[in-house]
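Report on the following structure.
Taken together, the values in this text are just the output of simple stated rules run on the coordinates, not laboratory data. Since the structure is predicted, the reported quantities are computational estimates derived from the model, not experimental observations. Because the Cβ atoms are built from the backbone with ideal geometry, glycine has one as well, and the counts that use them run over all protein chains shown.
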Amino acid sequence: MLRPEDREFFFPLGFFFPWSGVSRQKSLDDRSIHDPKLNSSPPNKLSDGNVIFIGKAPIKWEPVDVTPILKDGKTAIPDEAIESVKRNYVALKGPLATPYDNVDTVLIRENTEGEYSGIEHVVVDGVVQSIKLITKEASERVLRFAFQYARSINKKKVRVVHKATIMKMSDGLFLNLARDIAKEFPDIEFDAELLDNSCLKIVTDPTPYNDKVLVMPNLYGDILSDMCAGLIGGLGLTPSGNIGNECSIFEAVHGSAPDIAGKGLANPTALLLSSIMMLQHMNLGEHAARIQKATFDTLAEGKVS
Ligand SMILES: NC(=O)c1ccc[n+]([C@@H]2O[C@H](COP(=O)([O-])OP(=O)(O)OC[C@H]3O[C@@H](n4cnc5c(N)ncnc54)[C@H](O)[C@@H]3O)[C@@H](O)[C@H]2O)c1
C-alpha cells in the first residue's frame, strides 16, 4: 500500500532479506549468541548497494534482518522487522526456513566400527575397496544400550534405522540382533525403518519421532545426527556423549569449525549441553539441572553478546 506522501518520492520498502534455507543452521547458531551487527558482512544479508534491482524502480530500500531470534523461549521475528513492515506498509521478503519447535529426538549410533573401521585397500589400480565392519559384539552393545536408555527416559519405542535391503549381511546382522534384543525388553515397542525413509520423514515432520529412541550403525548415525541438528538450529546447539562399557566421552556434535575459527562466532551451547549430559551421567543431576536452567534461561532471553 502506498502512502500518499511517498508517491512522488522514493518509496520506502519494508524489509528485504535474502535468506536461503541452506543457511538455517548458520544463521540460528550465529544469531542466538552473537550480534550480527558485529559482522561487517553478515552472510545472509545483501549490502544496500545490491538491493535496488527491480528495473531501476524508484524504491528506497530499508534492509532489515528477519533471522528468527529466541524470545521467551520461542523463535520469533525480530521486532525491528515487524516495525519496518508497519512503518512502510510493503515488504519484499527472502525465503525463511524456520527450525521446528518441539523436536525431541534421541539418536543413538554405534561409534567404533562400520565404515569407520578404516579398512581400505587398493584392489587394482583405479579400484579401491572399503570394508564396512559390523560385529555381533559391538552391535549388541549399542542395541542393548538403546533399549536400556529408552526405558530410563520413559520412551516406549525403539526404532532401528538400517539399509538391510541393500547391505543384507552387515545391516542384516544389525537388524536381526535388534529383533533378538527387543525380546529382552517386552515393555518397549520395537520397529525398523529404512534410512532414506527416516530422513525424508524426519525433515518433513520430526514430531512422530519424539516418542522414539533411534538406533543405527555408525555412518548412518553420523549423517542423521547432523541432519537432526539442522532441525533445531544447528551443530552449535547439539550435544552428544560416547558411552562405553567403562569409559564415556562427552562432546559437541560439531567439529573444529575452521571456517569460523578466531572470529568470535562459535556457539558454545553444544559444548555446555554436552557437559550437562556428562554431569547427568555422573549422577550429578542437581548440578546438571542448575547449569541447564541457566543455559535455557539465557537462550530464552534472546539477547546477543
Ligand atoms: N567429533 C569430532 O571430533 C568431529 C566432528 C566433526 C568434524 N570434525 C573435524 O572438524 C574439522 C572440520 O570439519 P567440518 O568443517 O566438516 O565440520 P564442523 O562441525 O567443524 O563445521 C560444520 C559447520 O558448522 C559450523 N559450526 C560448527 N560448530 C559451530 C559452533 N559451535 N557454532 C557455530 N557454528 C558452528 C561451522 O562453521 C561449519 O559451517 C575436520 O577436521 C573434521 O574431521 C571432528
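Brief remarks follow.
- Exceeding the 28 Å Cα-Cα cut-off - candidates LYS132/LYS156; LYS86/LYS303; LYS263/LYS303; LYS201/LYS303: LYS132/LYS156; LYS201/LYS303
- Extension gain (nm, one decimal) between GLN148 and HIS287, 0.36 nm per residue minus Cα-Cα: 47.7 nm
- Amide H contacts of GLU189 (H built 1.01 Å from N, in plane; Pro and chain starts excluded): LYS157, VAL158 sit under 5 Å, all sequence-distant by 5 or more or on other chains.
- Listed values for region 289-301 are Karplus-derived 3J(HN,Hα) couplings in whole Hz (6.51 cos²θ - 1.76 cosθ + 1.60, θ = phi - 60°), namely 4, 5, 5, 4, 4, 4, 5, 5, 4, 4, 5, 5, 4, and x replaces Gly and Pro.
- With θ taken as phi - 60° and the Karplus curve 6.51 cos²θ - 1.76 cosθ + 1.60 applied, the whole-hertz 3J(HN,Hα) list for region 264-271 is x, 10, 5, 7, x, 4, 4, 5 Hz, x standing for glycine and proline.
- Residues LYS60 and GLU120, FRET efficiency given R0 of 51 Å [Cβ-Cβ distance, rounded to 0.05]: 0.30
- ALA76-ASP196 pseudo-label distance in nm [points 7 Å out on the Cα-to-Cβ vector]: 4.3 nm
- Under 5 Å, built H, 5+ apart or other chain: amide partners of PHE250: ASN242
- Table column - 3J(HN,Hα) (Hz), region 179-188, Karplus curve with 6.51, -1.76, 1.60, x for Gly and Pro: 4, 5, 5, 4, 5, 6, 10, x, 7, 10
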